[in-house]
Each structure stands twice: as structure tokens, then as C-alpha cells.
Amino acid sequence: MAADKAGTGPQLPYTNYLPDDRLTFAGALVRPESEAAQERARYAEMARIAAAQNYVPRPAIWKIGDADTTIYIFGTVHSLPPGFRWRNPALEAIVVRADSLLLESTDADDGQVSFLEGLPPQEGGVLPPLLDRVTHRSRGKLAALQARLPPEAIKQLDGMPTWIAAMGIGFVRDLLIGDIPSQGADAWLEQHFHSVGKPVEAIENSKSVVTNINAIPERAQRLMLEAALAAPERTHDELDAPAHAWARGEVGDDSPLRIFAEQLDPSSALADPLLVQRNAAWVEYLTARVRTKPGTLLFAAGAGHFVGPGSVIDLLRKRGVRVERVQ
């Protein structure tokens, strides 16, 4: 399409990496070898991603609205490989056109939320260590993983509710095989809208979301923790598949972006507070906003909320709302 050609449409810069504070001695950098190794790894990862992105990014965008209100719905990926490119002129034109940005949560909100929201007081004021939260068949795997972590990381995981620790273990396992996470689309959008003086707001109360999830029975959370420990180690290609599918706009039934309840946890208990309740609440908010608040809004949230049965897009259409895919 013409809109994809260089020089057409808005050209918004990608956020640059912050400059390092580098001390030199006789022209040579003075820094720990570990820092140099991390930098080499990041540049190698950026080169690998650049070689894999032999396509024009075209992530999915939908639109709803009426005569005086337009809401663009943009599914995002919260963490991307370093150097991953995901924007094109069509998306940037929407970013420029939008009066305000709506996110799942904002940085300000996140800074005020504890993952312990809603939990009853614990004996001794701390949660039991993760080794006490898994069955004997999983303790060997957890102990082996902990043996590869610094004491601070073990302590941090032990201080998490079980469902968050399960997600954290998946994240840690990916880091140990060389995954290097970087800024996601949501973070860039929030920074950009703030930088140009446009309002940024959250569609939900993060404390309420965490409280609802923490109410899941502990038994279900522990099944999720054991499933995270038993999951096979993922390859780089498997880790990158959702980001590439997202950037290509692949949101069909076979999309890696589609979330299945059994992928969240074996008991599917997490699906209701994490997906079902939130998707329904978002649909209520969006339909009310179309009726009551004129203007152009960009709503950006995790792409999994917009793919498949029960998604926000599916629920909007079932309510008779005309949803147009514009990219």
C-alpha cells in the first residue's frame, strides 16, 4: 500500500536507548565485563530480530463509533524483543489523530498497586516460601531453578502470590535461555501521549483487578505454579512467535495471540477474573463512551483480549456494535 512507503504519513521516532554513563581510561571503557557482555547480547538480539522482520508491520486495529465519537481499538504486546519494529504510517496517523489514550493501566496506577492486594494477613507477615507451595513431585524442579538464581530473586518470588510467582517463573526461565525483554507498545504509547500533552487514562482499577485475581482458590494457583515448572523450555522462535503474529496482524483462530483458558492454568480458574470479567467490563465502558463522550480515542490493551470467542471484539459484535477493522 502507498501508506507503507517511506516518507508518507507521520514519522514518529522510536524511543532511543538511554545513553550509558561511560568512564574511559586512555580511550578504553572502564566497566565490568558483565556489562559489556550484556551489551553484546542486546546488539546480537537486535540483529537477529532485524533479520527476522522481513515484512512491513501491520498490527490489527479496529474502530467503533458514531457521528461524533471514534474509538480505535489496538491490541498490543506488553514486552517486545529489543529493536522490534511494530509501527507503520497508518497506525502513526491514528496516534496523531487521537485526542487521548486509554490503557489497561498507567504507570502512575501501577506504582500504587501491590500484588498482595486483597490477601488476608499472613502468619508472621510473610507468604510461605514457594518450596512449601508445591507438591513433592515439583520440589526438585523448583529447587534446581532456584539454584540458578541469586538470593534476592528467590526472595522476591517467595514474596509473590502464587499465581504471580507462576508467571514470574515462566519469565525467569525465558531469561535464563537468553531472552531479552524490552519496552512494549503500551509503554511507548503512554510516553508519547504524555510528551505531546495529551490525556492518558486507565480503563479499570488495577487494585480491584489484582484483588479479584488474588481471590482465586490457592489450590488452583498452586496447580498453575506446578504447570509453569513442568512446561518445556521454549526456543527463541517460540518466544518471538506472538510478537511476529501481532506485528503482521494475524488474529485468526490459529493466531499465537489467542488465549485459551487451559493456557492460563490447568483449572481455568484464572480465566474469569483475568479475561471474562475484564472483557465484559471493557465492552460496557466502550459502548457507554461512544454514547456520552465525543472525540477520537485510542484504546490500547493486550492483544489477547481482542482475539477469539469471548474477546472484546466478539462481545461488541454480539451486542450489535458495528466493528470495522481498519488495519
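Quick rundown of the values:
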read-out: Tally of residues being in a helix (DSSP H, G or I), acidic (Asp, Glu) and touching a helix residue (DSSP H, G or I) at 6+ places or on another chain (Cβ under 9 Å) across segment 175-216; value: 1
read-out: Candidate set from segment 113-163 (those that are surrounded by 16 or more Cβ atoms within 10 Å (Cβ to Cβ) and polar (S, T, N, Q)); member that is nearest to Val209 (Cα to Cα); value: Thr162
read-out: Among the residues listed as Arg325, Arg291, the single one being over 19 Å from the mean Cα position of the chain (by Cα), basic (Lys, Arg) and over 21 Å from Asp99 (Cβ atoms); value: Arg325
read-out: Checklist (1) closer than 25 Å to Ser311 by Cα; (2) in a loop (DSSP other than H, G, I, E, B); (3) at pLDDT below 95; (4) of a type outside the set (A, V, I, L, M, F, W, C) applied to Pro59, failing item; value: (3)
read-out: Boolean, Phe260 is loosely packed, with under 13 Cβ neighbours inside 10 Å and within 24 Å of Val283 (Cβ to Cβ); value: yes
read-out: Candidates Ala215, Ala243, Ala187, Ala247 - the one that is within 30 Å of Pro129 (Cβ to Cβ), at pLDDT 90 or above and among the aliphatic types (A, V, I, L, M); value: Ala215
read-out: Output for segment 278-299, where each listed residue is among the β-branched types (Val, Ile, Thr), part of a helix (DSSP H, G or I) and touching a residue at least 24 places away in the same chain (Cβ under 8 Å); value: Val283, Thr287, Val290
read-out: Residue in segment 304-320 that is within 26 Å of Pro161 (Cα to Cα) and assigned to a helix (DSSP H, G or I) present; value: yes
read-out: Identity of the residue in segment 121-132, part of a loop (DSSP other than H, G, I, E, B) and at pLDDT below 80, that ends up nearest to Pro151 (Cα to Cα); value: Gln122
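The values are calculated or read from the model by the stated rules, or taken from the named source; none is laboratory data. All figures in this text were calculated on a predicted structure; none of them were measured in a lab. Using ideal geometry, Cβ is built from the backbone for each residue, glycine included, and neighbour counts are taken over all protein chains shown.
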